[in-house]
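A.B. asks: Got a structure for you, written out below as structure tokens; questions coming shortly.
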Amino acid sequence: SEMCIRDRFSIRTEILLSLLGSAVQMAAFGYCLYLLWSGKILYGTMTLFLSQGAKLSSAFNALVRTVPSFLSASVSARRIRDLYALEPEPVLPDDGLDSLASQGFTVAVEDAGYAYVPHQPVLTHADFRAAPGETVALVGPSGGGKTTIARLIPRFFDVQAGAVLLGGRDVCSIPTAELMEQISFVFQEVRLFKKSIRDNIRAARPEATEAEILRAAQLAQCGDILEKTPGGLDAVIGAKGVYLSGGEMQRIALARAILKDAPIVVLDEASSFADPENEAKIQKAFEALMKGKTVLMIAHRLSTVRNMDRILVVRDGEIAEEGKHDELLEKGGVYAAMWEEYQKAAQWKVGGAA
């Protein structure tokens, strides 16, 4: 893309300027040696010349470092301008249904296709349905399309083939504000504001009471975070003395989703980066968030999906298998092979730790 070309240009410019600076230094040093050898200058003169040349070289290197920064800033400015120039995604005419709630919070992906790069589809014929209150896990190899499916539901991208339906309505026909009210999503890349913990949790529902915020924090297992941070809910994330680990930030993000209490949850179960204590608390927060909701969870480890209502195995942009844990093991297909590999890896870790 044009953005990638600009980034490559910036990197190439930095490399070329660095090589140019090194070449100039080597040429100057070689010329001094030639003059000294031919008797045209004295050793002291050469030393003085080279010392001044070193100062000039430092100034040139500073300039070299400035140019790529300028180019990078230019690329960033263009990206911001391009973003502002984008037209809002169109909302299709409504299909006549009064509300999502009246139809039940069913999530349906119908023969969906999507490609980030033309002619290289990530999804081809993804097709499944999650009933109201059902918990569904998406598993499969990296690059198979799990995350793409999850991000089509809140309309971060629009399908290029097929459709995504919520409560029987095409997501493209649902106004953005209404769609966002019905979905909570927690992805692997946690983003918190440099505000108080209270404000970060309350962002999901600005009218929430103090008691509701505190309850959401407790359900998300944030009690120890509030105890250790000076000021508790008033502690400003990122301020002096208030630094949180990745697992702690994810728990606050989960508290935000719990407070929102949306009927549909899109969840990236990414707790493998956390230490065992954080991981256990994150799993409890997941349970609180998913209770009574229609859940679509991207699962990174198979141990977390055994009790899900249904497991979808996503491979090569399609749903290769679906069913409960035991049913998929009995089939002896893709999931069974993945489970066997997972068990071997778990035993290897235990053996290595011993």
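A.B. asks: Going by the structure shown, is Ala280 among the small types (Gly, Ala, Ser) and over 20 Å from Ser184 (Cβ atoms)?
C.D. replies: yes
A.B. asks: What are the residues in the stretch 310-333 that are touching a residue at least 40 places away in the same chain (Cβ under 8 Å) and part of a helix (DSSP H, G or I), if any?
C.D. replies: Correct list: empty.
A.B. asks: Does Leu259 count as on the phi < 0 side of the Ramachandran plot, assigned to a helix (DSSP H, G or I) and more than 20 Å from the chain's Cα centre (by Cα)?
C.D. replies: On the way: on the phi < 0 side of the Ramachandran plot: yes; assigned to a helix (DSSP H, G or I): yes; more than 20 Å from the chain's Cα centre (by Cα): yes.
Judged against the criteria, Leu259 is a match.
A.B. asks: If you take the residues in the stretch 283-304 that are over 19 Å from Ile149 (Cβ atoms) and not hydrophobic (A, V, I, L, M, F, W, C), which one is most open to solvent (accessible area, probe 1.4 Å)?
C.D. replies: Only one residue fits best here, namely Lys291.
A.B. asks: Here's another thing I want to ask about it. Every residue in the stretch 112-132 that is open to solvent by 40 Å² or more (accessible area, probe 1.4 Å) and either in contact with a strand residue (DSSP E or B) (Cβ under 9 Å, 6 or more places away or on another chain) or within 18 Å of Gly323 (Cβ to Cβ) (or both), please. If you could, list the steps in order and put the result at the bottom.
C.D. replies: Pass one, the stretch 112-132, residues open to solvent by 40 Å² or more (accessible area, probe 1.4 Å): 116-121, 124-125, 127, 129, 131-132.
Answer for the stretch 112-132, where residues must be open to solvent by 40 Å² or more (accessible area, probe 1.4 Å) and either in contact with a strand residue (DSSP E or B) (Cβ under 9 Å, 6 or more places away or on another chain) or within 18 Å of Gly323 (Cβ to Cβ) (or both): Pro121, Thr124, His125, Asp127, Arg129, Ala131, Pro132.
A.B. asks: Can I ask one more? Return the total of residues in the stretch 305-316 being closer than 14 Å to Ala130 by Cα, open to solvent by 10 Å² or more (accessible area, probe 1.4 Å) and not charged (D, E, K, R).
C.D. replies: So the count comes out to 1.
A.B. asks: Hey, does the stretch 345-354 have a residue that's among the β-branched types (Val, Ile, Thr) and either part of a helix (DSSP H, G or I) or at pLDDT below 90 (or both)?
C.D. replies: Yes, the stretch 345-354 contains a residue that is among the β-branched types (Val, Ile, Thr) and either part of a helix (DSSP H, G or I) or at pLDDT below 90 (or both).
A.B. asks: Quick check: is even one residue across the stretch 176-184 modelled with pLDDT of 85 or more, touching a helix residue (DSSP H, G or I) at 6+ places or on another chain (Cβ under 7 Å), open to solvent by 20 Å² or more (accessible area, probe 1.4 Å) and assigned to a loop (DSSP other than H, G, I, E, B)?
C.D. replies: No: zero hits.
A.B. asks: State all residues of the stretch 29-53 that are at pLDDT below 70 and within 18 Å of Leu19 (Cβ to Cβ); if no residue qualifies, say none.
C.D. replies: Gly53
A.B. asks: Please go through the stretch 185-202 and pick out each residue that is touching a helix residue (DSSP H, G or I) at 6+ places or on another chain (Cβ under 6 Å) and surrounded by fewer than 17 Cβ atoms within 10 Å (Cβ to Cβ).
C.D. replies: The one that is touching a helix residue (DSSP H, G or I) at 6+ places or on another chain (Cβ under 6 Å) and surrounded by fewer than 17 Cβ atoms within 10 Å (Cβ to Cβ): Phe193.
A.B. asks: Does Gln250 satisfy the criteria of being among the polar types (S, T, N, Q), touching a residue at least 60 places away in the same chain (Cβ under 8 Å) and not in a strand (DSSP E or B)?
C.D. replies: yes
A.B. asks: Exactly one of (1) modelled with pLDDT of 90 or more; (2) closer than 30 Å to Pro121 by Cβ is unmet by Ile258. Its number?
C.D. replies: That leaves (2) as the condition not met.
A.B. asks: Residues of the stretch 152-175 being within 21 Å of the chain's Cα centre (by Cα) and in contact (Cβ under 8 Å) with a residue 60 or more places away in the chain, which ones?
C.D. replies: Ile153, Pro154, Arg155, Asp158
A.B. asks: Are there any pairs with C-beta distances below 7 angstrom linking a residue in the stretch 118-130 that is over 23 Å from Met290 (Cα atoms) to a residue that is among the hydroxyl-bearing types (Ser, Thr, Tyr) and crowded, with 20+ Cβ neighbours inside 10 Å, with the two at least 6 apart or on different chains, and if so which?
C.D. replies: Between residues of the stretch 118-130 that are over 23 Å from Met290 (Cα atoms) and residues that are among the hydroxyl-bearing types (Ser, Thr, Tyr) and crowded, with 20+ Cβ neighbours inside 10 Å, the close pairs are Pro121/Tyr114; Val122/Tyr114; Val122/Thr148; Leu123/Tyr114; Leu123/Thr148.
A.B. asks: Which ones in the stretch 205-240 are surrounded by 15 or more Cβ atoms within 10 Å (Cβ to Cβ), touching a residue at least 40 places away in the same chain (Cβ under 8 Å) and of a type in the set (A, V, I, L, M)?
C.D. replies: Scanning the stretch 205-240 gives Ala208, Ile213, Ala216, Leu219, Ala220, Val236, Ile237.
A.B. asks: So, in the stretch 133-152, how many residues would count as being assigned to a loop (DSSP other than H, G, I, E, B) and crowded, with 20+ Cβ neighbours inside 10 Å?
C.D. replies: Count: 3.
The values are calculated or read from the model by the stated rules, or taken from the named source; none is laboratory data. What you see is a predicted model; the values in this text were computed from it and never measured. Note that each Cβ is placed from the backbone with ideal geometry, even for glycine, and that neighbours are counted across all protein chains shown. Side chains are part of the model used for accessible areas, which takes the heavy atoms of the whole protein and leaves out ligands, DNA and RNA. Shrake-Rupley method; radii C 1.70, N 1.55, O 1.52, S 1.80 Å.
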